[in-house]
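The values are calculated or read from the model by the stated rules, or taken from the named source; none is laboratory data. Computed from a predicted structure; not experimentally measured. Note that we place each Cβ from the backbone using ideal geometry, even for glycine, and neighbour counts take in every protein chain shown. The protein model used for the area step is the full one, side chains on, heavy atoms only, and it has no ligands, DNA or RNA in it. Shrake-Rupley method; radii C 1.70, N 1.55, O 1.52, S 1.80 Å.
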Amino acid sequence: MLDIRNLHVKIADEDKQILNGLTLKVHRGEVAAIMGPNGSGKSTLSYVIAGKPDYEVTDGEVLLDGVNILEMAPDARAAAGLFLAFQYPMEIPGVATMTFLKAAMNAQRKQRGQAELTTPDFIKRVNKAAELLGIPKDMLRRPLNVGFSGGEKKRMEILQMTLLEPKMSIMDETDSGLDIDALKIVAEGVNARRDPAHAFLVITHYQRLLDYIKPDTVHVMSRGQIVKTGGAELALELEANGYRDYQSAA
Amino acid sequence: MPAVQETIDQVKAIDVSEYKYGFITDVEMEKPAKGLTEATVRYISARKNEPAWMLDWRLDAFRRWKTMTEPTWARVSYPEIDFQDIYYYAAPKMNGAPKSLDEVDPAILDAYKKLGIPLREQEILAGVEPQNRVAVDAVFDSVSVVTTFRAELAKAGVIFCSISDALQEHPELVRKYIGTVVPVTDNYYATLNSAVFTDGSFVFIPKGVRCPMELSTYFRINEKNTGQFERTLIIAEEGSYVSYLEGCTAPQRDENQLHAAVVELITMDNAEIKYSTVQNWYPGDANGKGGIYNFVTKRGDCRGKNSKISWTQVETGSAITWKYPSCILRGDGSRGEFYSIAVSNGMQQVDSGTKMIHLGKNTTSRIISKGISAGRSQNTYRGLVSAHRKATNARNFTNCDSLLIGNQCGAHTVPYIESKTSTATFEHEATTSKISEDQLFYCMQRGLSAEDATALIVNGFVKDVLQQLPMEFAVEAQKLISISLEGSVG
Ligand SMILES: Nc1ncnc2c1ncn2[C@@H]1O[C@H](COP(=O)(O)OP(=O)(O)OP(=O)(O)O)[C@@H](O)[C@H]1O
Ligand SMILES: [Mg+2]
């Protein structure tokens, strides 16, 4: 589903190279995990896939279902089924979460040529998803992410992921800041949609999340490259030994 | 950065075609010669068949104006105005004042219809629930062409008419109150207005009456090279209430036009006036050619105890805005409010704010100002909060937020605070933020286009002010704000 080939990325304004020929494939139905030391470029990779403007791709390509998405605007990529759960979700003052959700859902529907959701349909969907994630209704009336706790922000990302029904979801450290109950709920959400129509790329530092979402593949990232790929057992090995074996590889 | 470059390019490409009210109405007009002399003042007064005291008042203002100079302290710049190159009076040709709508030039009725302001009562009645009815005074260049629902309002004892009619029908009321809030010599433009004001609205709400519907005035400048000098006077007697709204638009023209209005509000004991403005004068083109100079003096006098005046303004138009709706909190326990959204784009210059003058005991005021600057515009909030020696326990809360879109615009905050009593509590908060690329990216990752994302963020920014507007107008204002910002992001 997601095919990243020889990706080279630098900061647009500076000469700082962050991704150095990164190659990675995520197949339909696959849950892939990326682990790697701080600053190795994991978030950068997720931003570049989603189309954040601060980065410049100097070489390589990113294909989503065979289509190179690097020339597409972020909103077009979203409409094509790409979702990024941010490591640091943004606050939007004055905009009620409900308003934001409706705007986002309808914007994607519009781009896909679908009719807008009716208000009752929308409310039904939101209430159902919010209940599953243990998000209280009054939170949906508050401005998006403003004053939300770290864990609440992460839950809100998953709520959006659930409602937008992307085919390719990238989760950047969604587990950091989540309590055990929320972690299980998030894992359930991912596991429930583990089917050939969906794929997940899960960025994490901790084995704990992978206990609940058993990854099909684990990639180790260091200095802007994937330096090792293995199965779920690779995460356990990293948990035990840390990254020292991989630090010099790049 | 690519996105920022794109933003700059887009802003450079801003086109006035976004201005949806720029059409010109072809009406035969009656105009005296250009320029301003004592004869012009006499002409205007005579055309309106005014009482002698009114003419004397005007002439006095004119004499004083000649000795005054234009204020230069505002953060705006424009070439010198040639006051002799302006028409001071322009009225649609007809024999006397129209007695009914049938006598009004259909082209004018059409113009208002295009602007979304129906003037035929039957049409309004057909489309609107009684509680949502709005009475309209339609001012076209220098004259009021019609005021709707006058008869129905009269039943409640409310007087709502043009100031010209008020001078004929209730001269004693006009004489008693005009110039008592904004004195003739208050400032250069107010003095000019006092000499040559042509029309505007007059509202009188008698004791204990809650005005049964929203009142509004719709100002339209149509004629070329013509100044509009409107004068509005609203009096709310003891225990009465009125909500009033003004709207303004003008055709798209290459030369600048002057709009110098004076608005005076007076509230007696326990009375309340809520005054809302949606100002959308033609802002000029992308290079700053054309547009209205909006030099306006608006002031409310909370004369009575526990009375309240609240100004809400949504300012999206004009090449230059120079405007400080203020409250004199004279009555003990009176309250002044100022809620403002000022949007500037292209080459617009805004210098706006408020003055809250606390004179009485236990007076309170609240200022919420939201400035949004895009393009190459400059947006200044200028405010004064003062408490007199006798204004014990005066309280003010001020919040001024500025939002910048792109990096070629400017936002400035100039708050003055003066307190002569130690018991006053003045709180001031101010923030300046940019719509960050990160916020935009976050919204776009969820599927919103850059434009929709900006509109959403801007709406969030101005929400607490929009909530102050009467429901129907809040929706209009929201649309207007997004239209004004169209093309400001990539
Ligand atoms: N806009 C930027 N300007 C300058 N440096 C940047 C920018 N974005 C990322 N970097 C640098 O690129 C490197 C990779 O950062 P990135 O956030 O992708 O790391 P990460 O693997 O997600 O780390 P963590 O595990 O701490 O989240 C870091 O050294 C970071 O400081
Ligand atoms: Mg990261």
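Considering only residues of segment A:42-63 that are touching a strand residue (DSSP E or B) at 6+ places or on another chain (Cβ under 6 Å) and within 27 Å of residue A:109 (Cβ to Cβ), which is farthest from ligand 1 (Cβ to nearest atom)?
A:63
Inside segment A:138-164, can you point out the residues that are of a type in the set (Asp, Glu) and touching a strand residue (DSSP E or B) at 6+ places or on another chain (Cβ under 6 Å)?
A:157
If you scan segment A:22-41, which residues turn out to be more than 16 Å from residue A:247 (Cα to Cα) and within 15 Å of ligand 1 (Cβ to nearest atom)?
A:24, A:33
Consider residue A:94 against the criteria (1) on the phi > 0 side of the Ramachandran plot; (2) open to solvent by less than 30 Å² (accessible area, probe 1.4 Å); (3) within 11 Å of ligand 1 (Cβ to nearest atom): it satisfies all of them except one. Which criterion is unmet?
(3)
Is it the case that some residue within segment B:378-394 is within 14 Å of chain A (Cβ to nearest Cβ) and of a type in the set (Gly, Ala, Ser)?
Looking through segment B:378-394, none of the residues is within 14 Å of chain A (Cβ to nearest Cβ) and of a type in the set (Gly, Ala, Ser).
Given (1) more than 16 Å from ligand 2 (Cβ to nearest atom); (2) within 30 Å of residue B:467 (Cβ to Cβ); (3) not in a helix (DSSP H, G or I), identify the lone condition not met by residue A:90.
The failed condition is (1).
Give the residues of segment A:51-73 that are within 16 Å of ligand 2 (Cβ to nearest atom) and in a loop (DSSP other than H, G, I, E, B), sorted by residue number.
A:52, A:54
When you look at residue A:13, is it within 16 Å of ligand 2 (Cβ to nearest atom), of a type outside the set (Val, Ile, Thr) and modelled with pLDDT under 90, yes or no?
For residue A:13, the condition - within 16 Å of ligand 2 (Cβ to nearest atom), of a type outside the set (Val, Ile, Thr) and modelled with pLDDT under 90 - is not met.
Return yes when residue B:108 is out of contact with any His (no Cβ under 8 Å at 6 or more places or on another chain) and outside any loop (DSSP other than H, G, I, E, B) and no when it is not.
yes
I want to confirm something. Restricting to segment B:224-243 and keeping residues that are open to solvent by less than 30 Å² (accessible area, probe 1.4 Å) and assigned to a loop (DSSP other than H, G, I, E, B), which single residue is modelled with the highest pLDDT?
Ranking the qualifying residues of segment B:224-243, first place goes to B:240.
Could you list, in sequence order, the residues of segment B:444-465 that are more than 7 Å from chain A (Cβ to nearest Cβ), closer than 16 Å to residue A:51 by Cβ and buried (at least 24 other Cβ atoms within 10 Å of the Cβ)?
Of everything in segment B:444-465, just one residue is more than 7 Å from chain A (Cβ to nearest Cβ), closer than 16 Å to residue A:51 by Cβ and buried (at least 24 other Cβ atoms within 10 Å of the Cβ), namely B:453.
If we scan segment B:213-236, do we find a residue that is of a type outside the set (Asp, Glu), over 19 Å from residue B:294 (Cα atoms) and without any contact (Cβ under 8 Å) to a residue 40 or more places away in the chain?
The answer is no, given that none of the residues of segment B:213-236 is of a type outside the set (Asp, Glu), over 19 Å from residue B:294 (Cα atoms) and without any contact (Cβ under 8 Å) to a residue 40 or more places away in the chain.
Can you tell me which residue is most open to solvent (accessible area, probe 1.4 Å) among those in segment A:189-210 that are within 18 Å of residue A:132 (Cα to Cα), in contact (Cβ under 8 Å) with a residue 12 or more places away in the chain and over 14 Å from the mean Cα position of the chain (by Cα)?
Here the residue is A:194.
Looking at residue A:103, is it within 11 Å of another protein chain (Cβ to nearest Cβ), open to solvent by 20 Å² or more (accessible area, probe 1.4 Å) and not aromatic (Phe, Trp, Tyr)?
yes
Just to be sure I understand the filter: pairs with C-beta atoms under 7 Å, separated by 6 or more residues or on different chains, first member in segment B:8-31 and basic (Lys, Arg) and modelled with pLDDT under 75, second member part of a loop (DSSP other than H, G, I, E, B) and buried (at least 17 other Cβ atoms within 10 Å of the Cβ). Which pairs pass?
Here the result reads none, with nothing in segment B:8-31 linked to a residue that is part of a loop (DSSP other than H, G, I, E, B) and buried (at least 17 other Cβ atoms within 10 Å of the Cβ).
Got a sec? Which of B:413, B:432 is open to solvent by 10 Å² or more (accessible area, probe 1.4 Å), under 19 Å from residue B:343 (Cα atoms) and within 14 Å of another protein chain (Cβ to nearest Cβ)?
Within the list B:413, B:432, the selection yields B:432.
Enumerate the strands (runs of 3 or more DSSP E) found wholly within segment B:253-339, keeping only those where 1 or more residues are at pLDDT 95 or above and under 24 Å from residue B:139 (Cβ atoms).
Result: B:262-267, B:272-279, B:291-302, B:308-315, B:326-329.
Looking at segment A:153-250, what strands (runs of 3 or more DSSP E) fall wholly within it and have at least 1 residues that are away from ligand 2 (no atom under 16 Å from the Cβ) and within 14 Å of chain B (Cβ to nearest Cβ)?
A:168-172
Which members of segment A:106-132 meet the condition of being surrounded by fewer than 17 Cβ atoms within 10 Å (Cβ to Cβ) and in contact (Cβ under 8 Å) with a residue 40 or more places away in the chain?
Hit for segment A:106-132 is A:132, nothing else.
Can you tell me which of (1) surrounded by fewer than 21 Cβ atoms within 10 Å (Cβ to Cβ); (2) farther than 27 Å from residue B:310 by Cα; (3) modelled with pLDDT of 90 or more; (4) of a type outside the set (Lys, Arg) is the one residue B:407 doesn't meet?
(3)
Among the listed residues A:76, A:85, which satisfies the condition of being within 11 Å of chain B (Cβ to nearest Cβ) and away from ligand 2 (no atom under 16 Å from the Cβ)?
Selected residue: A:76, the only one of A:76, A:85 that is within 11 Å of chain B (Cβ to nearest Cβ) and away from ligand 2 (no atom under 16 Å from the Cβ).
Give me a count of the residues in segment A:108-125 that are within 14 Å of chain B (Cβ to nearest Cβ), out of contact with any helix residue (DSSP H, G or I) (no Cβ under 6 Å at 6 or more places or on another chain) and part of a helix (DSSP H, G or I).
Summing the residues that are within 14 Å of chain B (Cβ to nearest Cβ), out of contact with any helix residue (DSSP H, G or I) (no Cβ under 6 Å at 6 or more places or on another chain) and part of a helix (DSSP H, G or I) in segment A:108-125 gives 2.
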